[in-house]
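Asker: For reference, the structure I am asking about is given below.
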Amino acid sequence: MNLALRPAALLLAALPLAAEPVGGIDAKALVREVETQYRGKTSHGTARMRIATEHWKRELTMEMWGEGRERFLAVIRQPKKERDTATLKRAGEVWNYLPKIDRLMKIPSSLMGDSWMGSHLTNDDLVKEDKTEELFDLKVLSVEGSTVTIQADPKPDAAVVWGRLVYRIDRERVIGIDVTYFDEELASARAMVFDRVEKVEGRWLPLRMRITPTTKPKESTEILYERIEFDSPLDPDLFSLRSLRKKR
């Protein structure tokens, strides 16, 4: 998944003078490995998503499937009134299925920046996740023990909404620690923090991700994985549009 802080000057000022030299670390390979840690050839799991805004709170239970980096399906299991509402990502597109009105709709490019399921994630996050090394130029800012700080700036022709990302990565366990997202003016926009790290099928995984918008620190979206497994066979039809209407 993508990991963006403002001003880079503040970040650089906070680095200790004894920081380890940055040479020898492949920033692109490290970010790619971290962002695909939830993938495998296939993945299947359940998670709770807790959303808190200034005006309301909401909790969803979801079942999710993934195949590589291009296909992803999430189906709401709870609450009952939203059961079977689904989101499908495939071939750079996002589709939603609303079972109450039996409606299948493709998210247009004009709405890619809108909230996904009312959370602090966007539809664009679903499409662009796991593609940081394709869309951004990466460089290592510092190495302190096992923590590597990497700055990601958009490539000139990249269609992205963020002006900069700053990752902190635990290179020993190859997991994200946090990511700060900056807007086009390089003002801090949101932070994503990873914790509850456990070993799952031989790989270290943060089982909780928390997103907080910078301008609304009392708001947040928290995703907590309850179960996840990798490389199990999936129905070839799972990521088709017609499968969205199926109850599974």
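Asker: Quick one: compute a quarter of the convex hull surface over the Cα atoms of segment 46-120 and quote it in nm².
Answerer: 5.6
Asker: Hey, which lysines would be in cross-link range of LYS100, C-alpha to C-alpha under 23 Å, not counting anything within fewer than 8 residues on its own chain?
Answerer: Within reach: LYS57, LYS80, LYS81, LYS89, LYS246, LYS247.
Asker: What's the Cα-based Rg to Rh of segment 179-247, Rh via Kirkwood?
Answerer: When Rh is taken as the Kirkwood radius, the ratio is 1.13.
Asker: Still on this structure, please answer the following. Per the Kirkwood definition applied to all pairs of different Cα atoms, how many angstroms is the hydrodynamic radius of the chain?
Answerer: Answer for the chain: a Kirkwood hydrodynamic radius of 18.9 Å.
Asker: Under 23 Å Cα-Cα from LYS139, which lysines qualify once same-chain neighbours fewer than 8 residues away are excluded?
Answerer: Partners within reach: LYS28, LYS128, LYS131, LYS155.
Asker: To make sure I understand the rule: partners must be aspartates and glutamates, Cα under 15 Å from the Cα of LYS199, and not fewer than 8 residues away in the same chain. Which ones qualify?
Answerer: Filter leaves ASP170, GLU172, GLU226, GLU229.
Asker: Rank these for me by crowding, VAL140, VAL31, VAL161, going from fewest to most other beta carbons within 10 Å.
Answerer: VAL161, VAL140, VAL31
Every read-out reported here was derived from the displayed coordinates using simple, explicitly stated rules and does not represent laboratory data. Please read all numbers here as calculations on a predicted model, not as lab measurements. Every residue, glycine as well, gets a Cβ built from its backbone with ideal geometry; the counts of neighbours run over all protein chains shown.
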